[in-house]
Amino acid sequence: MPITSPPAGTRRTGLAAFRDPASVAVVGASANPSKWGYWLARGALAGRDRRTVHLVTRGGGEILGAPTAASLGDLPEVPELVALCVPAAHLDAVVDEALGLGVRGLLGITAAVHDERRLAAKVAAAGARMIGPSSLGLFDAATSLHIAWGDFTAGGLAVVSQSGQVGSEIALLSQRSGLGISRFVSVGSQLDVTMADLLEDLVDHELTRAVGVYLESFHEGGRIFDALRALRAAGKPVVLLAAGDSEAGARAARSHTSALTSPMELVDAACRAAGALRVPTPAALVDVAAQLLTTTLPTGPRVAVVSDSGGQGA
């Protein structure tokens with residue numbers, strides 16, 4: 001179906017579809033546990049007591065005991081959120097079908113998209129929103145929304161990451177430490193929904209008590225640090241892990257997401273202004289988050305140092 005622009009004056013939809021959608025469709029669902037489509041279907045189906053879940057696959061039959069449809073157009077309703085887990089060569093056609101049906105929330109798992117700018121223009125013209133592509137997925141403990149690879153234990157730490165694997169490492173470490181995850185979002189290529197959007201969306205997220213962030217670039221840096229400041233004001237401290245602390249790290253970030261990293265002295269200054277803490281490793285992020293979640297934050301000059309060594313005290 002052709003994609004038409006929304007009526008003049010129509011605002012683009014917010015992020016509600018990524019928080020608590022009434023219905024979800026996984027396109028590219030699979031019965032093979034070695035494939036992404038299996039894990040996305042498995043996670044989505046775990047939330048069936050809260051929402052309708054549709055599985056779409058060309059193969060037909062059942063997956064994990066649930067019926068499947070051959071296409072989005074064969075579903076009995078228009079899903080509020082569609083997870084796209086199809087080969088890159090088929091992504092355009094599936095997105096066109098989804099937008100033509102009126103879908104307004106898209107989660108792009110598919111990687112290696114050929115023309116990302118064209119895809120972003122399509123989504124914007126339809127008034128829809130997309131996380132990704134190249135996203136590892138998302139999880140929200142508050143609403144039983146699980147469309148991501150892996151398992152999550154509910155807790156108080158939100159993780160928003162520019163790298164899906166780094167985000168997964170932080171989530172795994174946090175679970176091993178007993179913290180658990182309130183929300184997990186892998187931002188992917190940020191063609192539409194950005195890191196700043198997702199951080200702003202956490203300010204009133206009730207289960208979130210602290211936020212762990214991994215960044216490789218500071219696009220919309222002003223908005224990002226305004227969001228960090230708002231999170232701190234809401235009583236949700238932020239622990240930030242940033243790539244580019246060395247020239248090798250900066251080169252690696254550029255090769256991964258074409259990110260232009262910022263000098264760390266500027267990042268540190270912005271963190272101080274926003275009340276965020278920067279750490280060097282995922283493990284340090286989890287350690288600091290654990291302290292923030294289990295102790296009361298001191299206010300004012302109320303920290304005393306007692307030592308049996310002048311050097312150690314210093």
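Once R0 is set to 35 Å, what does the formula 1/(1 + (r/R0)^6) return for the Cβ-Cβ distance between ALA31 and THR143, expressed as a FRET efficiency to the nearest 0.05?
With R0 = 35 Å, the Cβ-Cβ based efficiency is 0.85.
Taking 0.36 nm per intervening residue step and subtracting the Cα-Cα distance, what contour gain separates VAL303 from ASP115 on full extension?
62.3 nm
Work out how much length LEU15 to ALA233 would gain on full extension: take 0.36 nm times their residue separation and subtract the Cα-Cα distance, in nm to one decimal.
Full extension from LEU15 to ALA233 adds 76.3 nm.
Sticking with the crude label model, points 7 Å out along Cα→Cβ, report the distance from ARG272 to ALA66 in nm, one decimal please.
Using points 7 Å along Cα→Cβ, the separation is 5.0 nm.
Using alpha-carbon pairs under 8 Å, 6+ residues apart, how would you state the relative contact order of the chain in percent?
Across the chain, relative contact order equals 13 percent.
Could you check the spin-label model distance between ASP96 and THR294? Points 7 Å from the Cα along Cα→Cβ, value in nm.
Once both label points are built, they end up 5.5 nm from each other.
What's the ranking of 187-200, 141-154 by average number of surrounding C-beta atoms within 10 Å, highest first?
187-200, 141-154
With a 1.4 Å probe and all protein chains kept in place, how much accessible area does VAL286 have, in Å² rounded to the nearest 10?
10 Å²
Over region 1-155, what relative contact order in percent results from Cα pairs under 8 Å that are six or more residues apart?
28 percent
Springs between alpha-carbon atoms under 10 Å, Gaussian network over the chain: tell me which of ALA289, ALA70, ALA128 tops the mean-square fluctuations.
Among ALA289, ALA70, ALA128, the largest GNM mean-square fluctuation belongs to ALA70.
Arranged from highest to lowest average of other beta-carbon atoms within 10 Å per residue, in what order do the peptides 168-175, 233-240, 202-209 appear?
Ranking, from highest mean packing down: 168-175, 233-240, 202-209.
Which angle from 0 to 90°, rounded to the nearest 10, does the C-alpha axis of helix 282-294 make with the longest principal axis of the chain?
Rounded to the nearest ten degrees, it is 80.
Which of these, SER30, SER186, SER71, has the largest mean-square fluctuation under a Gaussian network model of the chain (Cα springs below 10 Å)?
SER71
The values are calculated or read from the model by the stated rules, or taken from the named source; none is laboratory data. Quick caveat: nothing in here was measured; it's all calculated off a predicted structure. Neighbour counts run over all protein chains shown; Cβ positions are idealised from the backbone, glycine included. Please note that ligands, DNA and RNA were not included when accessible areas were found on the heavy atoms of the full protein model with its side chains. Shrake-Rupley method; radii C 1.70, N 1.55, O 1.52, S 1.80 Å.
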